[in-house]
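Asker: What follows is a structure written as C-alpha cells; I'll ask about it next.
The values are calculated or read from the model by the stated rules, or taken from the named source; none is laboratory data. None of the values given here were measured: they were computed from a predicted structure. Cβ placement follows ideal geometry from the backbone for every residue including glycine, while neighbour counts extend to all protein chains displayed.
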Amino acid sequence: MELAGMSLPESDLSGEKCENGKTRPVAVMLSSDPETRPLSGIGEADLVFEMPVTDGGVTRMMAVFQCHRPKEIGSVRSARSDFIPWVQGLGAVYAHWGGEREALGVLSGGIVDNIDAMKYEGTYYYRRSGLHPPHNGFTSSELLDKASIKLEYSLKRSATVYQHDPPSSASRRTSEGQVMEPPLIYEKKFAVQWKYQPESNTYRRWRGEKEEIDHNTSQTVEASNIVLLKTTWTPISKDYINVKTIGSGEAVIYKNGEAISGTWEKRGATGRLVFYNSNHQEIKFTVGSIWVETLIK
C-alpha cells in the first residue's frame, strides 16, 4: 500500500516497497528447537540466517525484520559470537536473550547496539505461558522499537545491503524447464527442505514431513531466495562451535527455480556479506525474503 501522492521506499533487504523501507532493521536470535515450533514472526522476516551452533547439528536462527512488524517474535534465544559480524554488516540492532560467554564479551565492548532480555525481561521481553524455559521468551516489533528509543539507538537506515531484479524481470520455472531446488539440509529433528512453488515463484519450507508455519499467521513459511553458504568451523568449548562468517567461500543461490553456483565474501566484521556468480558479478536477488542456510564442513 502506498501513501497518497507518495511512493513507498524500497527495502534493500527484500526489495519490497514498504513504509519501513528506510528504517533500521532489527536482528532477533530465534530458537530452532522442536519444542518452540511453530515460531512466531519467522514468516514475516525480510532476511533469515540459519546456522549450526553445535557439532551435533543443533541450529539457531537470526531473523531480520524491516518491512514487516510481527505482533509477536520468538522464541528468543541467546547471542552467538559468529552471528555478530552479520549484524554489524547489516547495521542492525541486535535482540537476544543473554548469550554465550564469547558473544557477551564482544557485545560488552559496545560495537553493536543490542537489546538483551537478561536486562529487560518484563519490559521489552516477556515469558509466554504454555512453554518451559528457555523456550518461552518472546518480544514484538513494537516492544523492540520502544527499547531502541529508550536506549537512544538510531532508527534510521545506515547501510545498503542487497540489489534486486525488477519484479517484472523475474522468470518463473514451469514444467517446461528443469526446476532446481536445494537439497535436504541439516540433520534429524533440525532437517530442512525447501520446495519450489512455480505459481508464487517462492520456496516453501518443510520440517520432515510437515510444512513449517508461522504461529502468528498460520501461514506456511516461504522465501523468494535461498542461499547455501558453505564455510568451516572450529570448536570453542565442549558445547559450542565457532563458524567462520568473515572471509569467503562457495555458495549456491536458488531463485526463480534456478540454481546459481558462486561465492560469498565478507571483508571484515563490518563489511557487507556479498554473493557473486561464477563471473564474480554481484547477485541480484528476486524481490522477497532471503534465507541464508549455512553449511559447515
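Asker: Can you tell me which residue is modelled with the highest pLDDT among those in segment 9-45 that are among the polar types (S, T, N, Q) and touching a Phe, Trp or Tyr at 6+ places or on another chain (Cβ under 7 Å)?
Answerer: So the residue we want is SER40.
Asker: Further question: Test VAL292 against the stated conditions and say whether it is closer than 29 Å to THR139 by Cα, of a type in the set (Val, Ile, Thr), out of contact with any Pro (no Cβ under 9 Å at 6 or more places or on another chain) and in a strand (DSSP E or B).
Answerer: Yes; evaluated as a whole, the condition is true for this residue.
Asker: If I ask for residues that are surrounded by 20 or more Cβ atoms within 10 Å (Cβ to Cβ) and among the β-branched types (Val, Ile, Thr), which ones from segment 253-273 would you list?
Answerer: ILE253
Asker: List pairs: first in segment 43-57 and in a loop (DSSP other than H, G, I, E, B), second among the charged types (D, E, K, R), Cβ under 8 Å, 6+ apart or cross-chain?
Answerer: Qualifying pairs under 8 Å: ASP46/GLU16; VAL53/ARG60; VAL53/ARG80; THR54/ASP239; GLY57/GLU187; GLY57/LYS188.
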